[in-house]
Amino acid sequence: QVQLVESGGRLVQAGGSLRLSCAASGRTFSGFVMAWFRQAPGQERESVATISWSGGYTYYSDSVKGRFTISRDSAKNTVYLQMNSLKPEDTAVYFCAAGPQYQATSPLSFNYWGQGTQVTVSS
C-alpha cells in the first residue's frame with residue numbers, strides 16, 4: 001500500500017523558513033515525478049514544485065521560484081520542500097503527491113497523495 005506522509009508544517013512569521021518532508025513507502029518510485037501542491041481555503045489546489053525521482057528535472061511555480069527548493073533523498077525515499085522568505089500568501093495546506101507523468105503539474109496527473117500539513121505564515 002502506497003503511503004505519502006508529510007510533516008514539518010507549523011506557524012511561522014513572515015520572512016521565516018520551514019522545511020517540509022514527505023516520506024514515501026509502499027512501492028518503488030523510480031521513474032515517478034514527486035510534487036508539492038498547496039491549497040488555501042476557498043482556493044483550488046495548485047502546483048508548487050515538482051521533481052523527477054532521478055532529480056534531473058525540477059519545476060517551480062512563479063509564485064515560489066527563487067524562494068522554495070524541492071529535493072529528494074532516494075536512499076530515504078523522502079522528498080523535501082525548503083521554503084525560505086515565507087509570505088502570508090504562502091499560508092495553505094501543503095500536500096505531497098506522486099505520479100508517473102513526466103513534467104506533470106496538474107493534480108489530475110498524480111495518483112498518490114498524502115494527507116497534507118498545515119503551513120501558516122503570520123504577518
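The values are calculated or read from the model by the stated rules, or taken from the named source; none is laboratory data. All values reported here derive from a predicted model rather than from experimental measurement. Positions of Cβ are backbone-derived with ideal geometry, glycine not excepted, and every protein chain shown enters the neighbour counts. Protein only, heavy atoms only, side chains kept; ligands, DNA and RNA dropped before computing areas. Shrake-Rupley method; radii C 1.70, N 1.55, O 1.52, S 1.80 Å.
Between Ser74, Ser30, Ser17, Ser7, the distinction of being of a type outside the set (A, V, I, L, M) and either touching a Gly at 6+ places or on another chain (Cβ under 7 Å) or more than 18 Å from Tyr112 (Cβ to Cβ) (or both) belongs to Ser17 only. The criterion of being under 20 Å from Gly116 (Cα atoms), of a type in the set (S, T, N, Q), at pLDDT 95 or above and in contact with a Leu (Cβ under 8 Å, 6 or more places away or on another chain) does not hold for Ser63.
Any residue in the stretch 47-65 that's without any contact (Cβ under 8 Å) to a residue 40 or more places away in the chain and closer than 13 Å to Val33 by Cα: show its pairings with residues that are open to solvent by 30 Å² or more (accessible area, probe 1.4 Å) and of a type in the set (Gly, Ala, Ser) at Cβ separation under 6 Å, as long as the two are six or more apart or on different chains. As it stands, the answer is Trp53/Ser30, since those pairs meet every condition given. Listed by first and then second residue, the pairs linking a residue in the stretch 17-41 that is among the basic types (Lys, Arg) to a residue that is surrounded by fewer than 14 Cβ atoms within 10 Å (Cβ to Cβ) and in a loop (DSSP other than H, G, I, E, B), with Cβ atoms under 7 Å apart and 6 or more places separating them unless they lie on different chains, are Arg27/Val2.
Here the condition is being over 12 Å from the mean Cα position of the chain (by Cα), closer than 23 Å to Trp53 by Cα and at pLDDT 95 or above; of Tyr94, Tyr112, Tyr80, it holds for Tyr112 alone. Tell me, please, whether a residue that is of a type in the set (A, V, I, L, M), over 15 Å from Val2 (Cα atoms) and either in contact with a strand residue (DSSP E or B) (Cβ under 7 Å, 6 or more places away or on another chain) or without any contact (Cβ under 8 Å) to a residue 60 or more places away in the chain (or both) can be found in the stretch 115-123. Yes, the stretch 115-123 contains a residue that is of a type in the set (A, V, I, L, M), over 15 Å from Val2 (Cα atoms) and either in contact with a strand residue (DSSP E or B) (Cβ under 7 Å, 6 or more places away or on another chain) or without any contact (Cβ under 8 Å) to a residue 60 or more places away in the chain (or both). Restricting the first member to the stretch 1-16 and to residues that are at negative phi and of a type in the set (S, T, N, Q), and the second to residues that are at pLDDT 95 or above and open to solvent by 30 Å² or more (accessible area, probe 1.4 Å), the beta-carbon pairs closer than 6 Å and six or more apart or on different chains are Gln13/Ser122. Within the stretch 101-123, the residues that satisfy the criterion of being surrounded by 13 or more Cβ atoms within 10 Å (Cβ to Cβ) and under 13 Å from Ala24 (Cβ atoms) are Phe110, Tyr112, Trp113, Gly114.
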